[in-house]
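*Asks:* Below is the structure I would like to discuss, written out as structure tokens.
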């Protein structure tokens, strides 16, 4: 036990051997980290999420690659994908599998060739630049490797890219960064799945995540970020997306709760005709905490945002949803819809939801809404009259509540896996009365 | 099969049923008619065990068991089926998942093995066609975006799959066109058997042209004020409900 030591954290990866350009980025990040104001309860963006979980244990241990027999393909049965696997933050070539395709680059940073380096130099860190989120700097301090995805103009990636982050170290805690840069050229197409899992018996972990997704003119990106770590895991991550003219992003953020899970998702509409669908699902139980902060910037006219986030919160868990849509003065003819619905399964569960529309243009079509409710009594009664037991009926109704969003996932293998996770989650026992979760 | 004696029930502090007596024997079809607000739907809710409906007096025996002591799902598993006047929409749960969960639960109670997915799909498709619904409806969310008629057909589909001992149809005919009405009637008539009974709750006698009842009861102010044969329904159609109130005082 002890307070989270920011200086120790910054120095953690300083001596770790890495290519010169990565070491340079670490140094820049270290300066940003020491200058960044530390969030407190008075920091608006962190009002409902305390960083106490960082104090709960001495996090400060570099991740090390260990022996591991693990079949990443089994994570999403039936998904035919290029796959990059990281174990405790370390890239594992022997678990990964990428088929070469002209115009498509799928590599880890340490394997970058000169062309890849040019892409990285031109874009890495740019989408996240200027943020006041200190964990973006922490991610830089711990930068050790990462994923570069580049899809050239007019190219459609034949297979989705599946980036798997596995927590395995049994004697945690392990601290590391997750980093990804995707650059889609004009008219390019890519589906990206970022999946976080822990092996049974994995110890505690602290991961600072950062993905930057740049979608070129008329390009289309499908983005699925799936957080299924064990409940002692701490993840503080950010996703930055930029859409050029007529670009499209379809995104699903799926998170199971943990000791602390905080995801900041920021999307900028940079060109007219850009459109996005941002779906979110979070499931929290026991004493878990999950926090989803999203910001969509309508910086130009004629862009469209459709955002639906749903959460189920049980036991004494807490979920935070903050969804902000900002329509800039020049962003006429913007269309934005934001909906957040929450299902509470226990009296002690808590949701803090704050949908925000900030509109400075006058010719726009916008709506937002949030609800927090219990299981619908009429629906439950209907199922009971069909002989379905109360517990199973509740599971079915919770499942339906989030399955509406899962059904929008185009890839059947991925949708089937998510349904399985949801059913599994709903079928688990909650907190014993008066007891603490392990 | 079903024996209701002096059944009284209220919602909050408002008495709705004020002493119902009704005996339904195996194989019989009973029609319960009455004006709006007479307690017709409440009777179905109380028999199926809806929360918020408090029984203040009386008893209900179902196949020799104390029905009122049973949980809602136990009543269903014992063979009681209620076709809803307003079936509930459950988006995100496919009709197929719902039907399978329901049939599995009832079969488990009867000590029968659950049907495997393939056999169940075949059975569900067959019944789906029998009620004139495209099999696409099995993939859609439960009643999600269904028209009024489609919802009622879906209720009959469930009844056919569950093969209840006693089916209560709560105004299943309201809002239906003739085609759908005939489908509902065919569903009921196809299931009529010596050991199965029906209670048809309706505002109009139209459905009774297709499902011929053995008995007709008139419900008013929470009591059965008149009982008779099929001809009573025709009389009601002729004269309306106003004369009943006067006759019953």
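The values are calculated or read from the model by the stated rules, or taken from the named source; none is laboratory data. Note that the coordinates shown come from a computational prediction; the quantities given were computed from them, not determined experimentally. Here Cβ is always computed from backbone atoms with ideal geometry, including for glycine, and neighbour counts include all displayed protein chains.
*Asks:* What about residue B:38, is it away from chain A (no Cβ under 14 Å), assigned to a loop (DSSP other than H, G, I, E, B) and either more than 19 Å from the chain's Cα centre (by Cα) or at pLDDT below 95 (or both)?
*Replies:* Values: away from chain A (no Cβ under 14 Å): yes; assigned to a loop (DSSP other than H, G, I, E, B): yes; either more than 19 Å from the chain's Cα centre (by Cα) or at pLDDT below 95 (or both): yes.
Judged against the criteria, residue B:38 is a match.
*Asks:* Report those strands (runs of 3 or more DSSP E) wholly inside region B:42-130 carrying at least 3 residues which are within 14 Å of chain A (Cβ to nearest Cβ) and either free of Cβ contacts under 8 Å to residues at least 12 places away in the same chain or more than 30 Å from residue A:416 (Cβ to Cβ) (or both).
*Replies:* Values: elements: B:53-62, B:80-83, B:90-94.
The qualifying strands (runs of 3 or more DSSP E) are B:80-83.
*Asks:* Then there's this: Can we say residue B:139 is under 26 Å from residue A:403 (Cα atoms), exposed (fewer than 15 other Cβ atoms within 10 Å of the Cβ) and touching a residue at least 24 places away in the same chain (Cβ under 8 Å)? Step through it out loud before you land on a result.
*Replies:* Working: under 26 Å from residue A:403 (Cα atoms): yes; exposed (fewer than 15 other Cβ atoms within 10 Å of the Cβ): yes; touching a residue at least 24 places away in the same chain (Cβ under 8 Å): yes.
In short, yes.
*Asks:* What's the number of the condition residue B:147 fails, among (1) more than 12 Å from chain A (Cβ to nearest Cβ); (2) crowded, with 16+ Cβ neighbours inside 10 Å; (3) under 27 Å from residue A:375 (Cα atoms)?
*Replies:* (2)
*Asks:* Of the residues A:206, A:180, which single one is touching a residue at least 40 places away in the same chain (Cβ under 8 Å) and touching a strand residue (DSSP E or B) at 6+ places or on another chain (Cβ under 9 Å)? Give the steps one after another, and end with the answer.
*Replies:* Details: A:180 fails: touching a residue at least 40 places away in the same chain (Cβ under 8 Å).
Criteria check complete, one pass: A:206.
*Asks:* While we're looking at this one, here's another question. I'd like to know if region B:108-120 contains one or more residues that are within 28 Å of residue B:174 (Cβ to Cβ) and crowded, with 17+ Cβ neighbours inside 10 Å. If you could, list the steps in order and put the result at the bottom.
*Replies:* Residues of region B:108-120 within 28 Å of residue B:174 (Cβ to Cβ): none.
No: region B:108-120 contains no residue that is within 28 Å of residue B:174 (Cβ to Cβ) and crowded, with 17+ Cβ neighbours inside 10 Å.
*Asks:* Quick check on my filter: what residues within region A:315-325 are touching a strand residue (DSSP E or B) at 6+ places or on another chain (Cβ under 7 Å) and either outside any strand (DSSP E or B) or crowded, with 19+ Cβ neighbours inside 10 Å (or both)?
*Replies:* So the first thing to find is which residues in region A:315-325 are touching a strand residue (DSSP E or B) at 6+ places or on another chain (Cβ under 7 Å), and the list is A:317-325.
Correct list: A:317, A:318, A:319, A:320, A:321, A:322, A:323, A:325.
*Asks:* Further question on the same structure: Only one of (1) surrounded by 17 or more Cβ atoms within 10 Å (Cβ to Cβ); (2) within 25 Å of residue A:242 (Cβ to Cβ) fails for residue A:79. Which number is that?
*Replies:* It fails just one condition, (2).
*Asks:* Can you name every residue in region A:380-404 that is surrounded by fewer than 20 Cβ atoms within 10 Å (Cβ to Cβ) and in contact with a strand residue (DSSP E or B) (Cβ under 7 Å, 6 or more places away or on another chain)?
*Replies:* Passing the criteria: only A:404.
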